[in-house]
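Notes for the one structure printed next.
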Amino acid sequence: MLLGAMLHGADRVRQGFTPTDLERPLVDALRTVVSENEMKQWGRTYRDLVAGQGRLAMIPERITSRSASQGYSMTDLRRDLPGMTTEALASPNVQIVDPLTLAAGKPEDPAFIAAMRDTGMAVTAFARPPKASGAAAADEGSAQGDDRPAGQDTEGAGAAAAGFRVVLKLESFDVVRPVGDAGGGRDEIYWAASTSAGGGSGSSYTSDVFGAATAKDNPHVFTEGKNTLFQGNSTGFLATGIQVWEADQSSDEWWNALKKALNTAVDLIDEKLQFMDAVEMGLPTWAGMAWEVGKIFVSIIDAFRNYDDLSCFRTIGLDQQDLAIIAHRGHVSWHFNGDGYHALKVKYAGDPVPFPEGTLEYIAFDGDTASAPLALPWKSGSAPALASFKGKLHALFMRASDQAIMWTVLDGQTWSPPVRVHGWRSYYAPAMAVYRGKLYCALVAANDESSMVWSVNPEGTAWSQTTRSRNTELTTAPALAAWRDQLWMVHVGRDGRMWENYYDESNPTWSPSRNHHPWRTNRPVGLTTQGNTLWHVVRGEGGDKQNRVDVTYCNHTGGWKDLPFPSNWRIGSGATLAAHNSKLWIFFRSTTGVLLSSFHSGASWSDYQAVGAGAEIKPMDESAATLHNGKLYLMYRR
């Protein structure tokens with residue numbers, strides 16, 4: 001598409017027509033590497049081929065069918081974007097990545113890396129949750145009975161992010177497969193890039209040449225002071241186009257033309273096409289446009305293969321969440337599989353990047369390895385609840401602005417826009433659990449004298465109206481867990497005592513409550529099951545039990561028993577329990593606010609450690625944990 005617009009524009013300039021707003025920057029990019037006369041000759045050749053053949057295989061007919069008097073403008077391009085985007089997303093070298101891959105520090109998809117070799121280029125962007133703001137969010141909220149006025153912001157997620165300073169440095173690269181030029185000489189590798197952070201903030205980069213770059217000398221380290229890929233401010237998005245070259249017959253003239261072309265690309269990307277604004281354009285459309293820009297770049301460069309050889313070109317889009325993850329982890333690796341295969345390691349050296357507006361975050365444990373945190377753009381006034389049901393991850397949270405209970409679902413890589421559930425309101429976190437093939441929730445109703453109410457979601461698509469249970473005047477969030485063909489609930493009364501009861505579908509008001517634990521608390525209780533055992537954890541209050549932890553379990557062979565817990569550990573909130581990877585896990589805040597974890601594998605508790613890959617996480621209160629698709633998911637609010 002863009003190659004056609006460039007050639008069509010070159011022919012129109014040749015014939016004395018004024019180029020359109022789209023044709024002009026494309027023709028200007030061509031002018032950086034060819035003379036004015038040669039640029040016009042490109043246009044003449046294009047026109048002669050169209051006249052002789054009627055159409056061209058590489059150029060869409062909606063461009064070739066136009067006469068020289070009819071230009072192709074930005075308005076035309078925007079109209080054609082949906083079809084272009086569909087084509088791009090079907091290409092194996094265009095990748096929308098689950099952000100959990102980046103957060104967990106996992107390697108890139110081998111199939112995607114292999115697809116680069118056929119084209120010498122690739123596009124990467126990261127999926128992200130949708131915003132829930134404005135009229136659209138109000139409409140979504142009304143699906144479950146939201147009573148807020150249409151158009152009122154449900155989450156405040158649309159607020160503009162504050163600017164932050166981003167510094168990305170090239171640390172090193174490995175040669176996985178050499179280029180091996182036609183002359184049979186040794187690879188002389190250099191890197192070039194153009195990067196934009198939006199709002200006119202962009203820069204170009206060219207590295208030193210690495211002579212005789214071979215695999216046996218890995219890693220090849222960039223010189224400090226000559227390795228800054230990008231340094232500048234961002235308000236929430238950054239895109240970079242990075243190329244790896246094998247030097248052949250480059251001259252000063254070629255280098256200057258290359259630098260000029262890169263600067264022109266920054267201008268084209270950031271100011272003319274404005275496709276860097278993935279928030280405005282939409283992520284798939286951004287990927288489609290990046291694919292088009294990459295193709296035209298490769299097309300122009302391919303005409304000058306007698307100079308330096310372009311091995312591979314990648315465009316990578318990062319939003320604020322992705323930048324925050326990279327800043328949190330400190331580095332990221334990107335693969336370039338073209339004529340040669342090179343693995344590039346990039347270091348983050350800028351300011352800490354705040355996660356996008358909104359306080360909900362989650363982490364996934366693959367085995368014992370935790371990802372970096374992933375942020376959702378929705379505020380919560382309480383800790384969330386999590387449950388895995390029918391292959392999807394369900395989350396409930398309390399909307400901070402009006403205490404409404406909101407519901408969102410992770411299906412594959414994408415969280416659904418949160419919707420309000422009926423007219424539910426609560427001042428405390430909800431609870432969820434799966435029991436007898438149905439999804440249940442319980443909460444303390446704000447509009448029913450602080451009574452415990454519950455609801456069932458048989459198919460994962462809609463919640464029933466709430467039913468009141470026996471419990472009244474509760475002061476913390478409840479906890480739910482399915483155990484021994486019953487749904488168990490633990491809650492805390494106004495006197496700080498813990499109560500338990502159960503439900504077995506025979507009594508809609510649940511069993512009478514009973515107290516079994518001598519400790520008192522003012523924080524929610526943690527509850528989980530592992531095999532035939534029900535586990536329970538509480539943070540103590542008062543005297544020698546202040547901020548201490550007590551873990552108990554029941555397997556119906558003698559009532560509740562204590563599981564010894566380190567007596568010198570102190571916690572600053574309620575604790576969360578989860579069974580994962582054949583271990584019992586506990587998550588809690590330290591008294592300094594840091595999120596910590598430990599696990600018990602049958603003998604003793606492991607030493608506690610900070611949760612998440614990278615910097616310390618400081619949640620506001622308790623977390624929620626559940627197993628989903630083989631991973632342990634942990635969600636909290638920060």
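The values are calculated or read from the model by the stated rules, or taken from the named source; none is laboratory data. Predicted, not measured: the structure shown is a model, and the values here were computed from it. Note that each Cβ is placed from the backbone with ideal geometry, even for glycine, and that neighbours are counted across all protein chains shown. Ligands, DNA and RNA are excluded from the accessible area calculation, which covers all protein heavy atoms including side chains. Shrake-Rupley method; radii C 1.70, N 1.55, O 1.52, S 1.80 Å.
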Enclosed volume per residue, in Å³, of the convex hull spanned by Cα atoms of segment 293-422: 182
Order these peptides, 429-436, 318-325, by their mean beta-carbon neighbour count within 10 angstrom, highest first. 318-325, 429-436
To one decimal place, what orientation-averaged projected area in nm² is obtained for the convex hull of the Cα set of segment 383-456? 4.9
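Please find the FRET efficiency linking Ser464 to Asp366, where r is the Cβ-Cβ separation and R0 is fixed at 41 Å, and quote it to the nearest 0.05. Intermediate results must be reported in sequence, preceding the final value.
Working: r = 35 Å, r/R0 = 0.84.
Efficiency computed from Cβ-Cβ geometry: 0.75.
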Relative to the present Cα-Cα distance, how much length would full extension add between Asp495 and Asn233 at 0.36 nm per residue of separation? 89.1 nm
Isotropically averaged projected area of the chain, using the convex hull of Cα atoms (one quarter of hull area), nm²: 32.1
What's the extension gain from Ser604 to Gln70 if we count 0.36 nm per residue and subtract their Cα-Cα distance? 184.5 nm
For Leu22, enumerate residues with amide H under 5 Å from its amide H, sequence gap 5+ or separate chain, H modeled in the peptide plane. Met74
Relative contact order, percent, of the chain when contacts are C-alpha pairs under 8 Å separated by at least 6 residues? 11
For segment 351-393, what does the alpha-carbon gyration tensor say about shape, rounded, prolate or oblate, given a ≥ b ≥ c as the root eigenvalues, a/c under 1.5 as rounded, and a/b over b/c as prolate? oblate
Measure off, as a whole percent, the carbon and sulfur share of the 1.4 Å-probe accessible area of the chain, all protein chains present. 47
Given a Förster distance of 35 angstrom, what is the FRET efficiency for Arg44 paired with Gln413, based on the Cβ-Cβ distance and rounded to 0.05? 0.15
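Considering just Cα atoms, how many Å³ per residue does the convex hull of segment 1-124 enclose? If you can, show how the numbers build up before the last one.
Numbers: hull volume 17.2 nm³, N = 124.
With only Cα atoms used, segment 1-124 gives 139 Å³ per residue.
Please give the FRET efficiency for Asn218 paired with Arg79, using the beta carbon to beta carbon distance and R0 = 41 Å, rounded to the nearest 0.05. Don't skip to the answer; put the middle values down first.
On the way: r = 48 Å, r/R0 = 1.17.
Efficiency for this residue pair is about 0.30.
Which entries in Lys106/Lys618; Lys438/Lys583; Lys392/Lys438; Lys392/Lys631 show an alpha-carbon gap greater than 21 Å? Before the final figure, lay out the partial values.
Details: Lys106/Lys618 24 Å; Lys438/Lys583 26 Å; Lys392/Lys438 13 Å; Lys392/Lys631 12 Å.
Over 21 Å Cα-Cα: Lys106/Lys618; Lys438/Lys583.
For segment 477-602, rounded, prolate or oblate, judged on the Cα gyration tensor with a ≥ b ≥ c (square roots of eigenvalues), a/c < 1.5 rounded, else prolate if a/b > b/c? The partial results should precede the final answer.
Values: a/c = 1.87, a/b = 1.32, b/c = 1.42.
Since a/c reaches 1.5 but b/c is at least a/b, the shape of segment 477-602 is classed as oblate.
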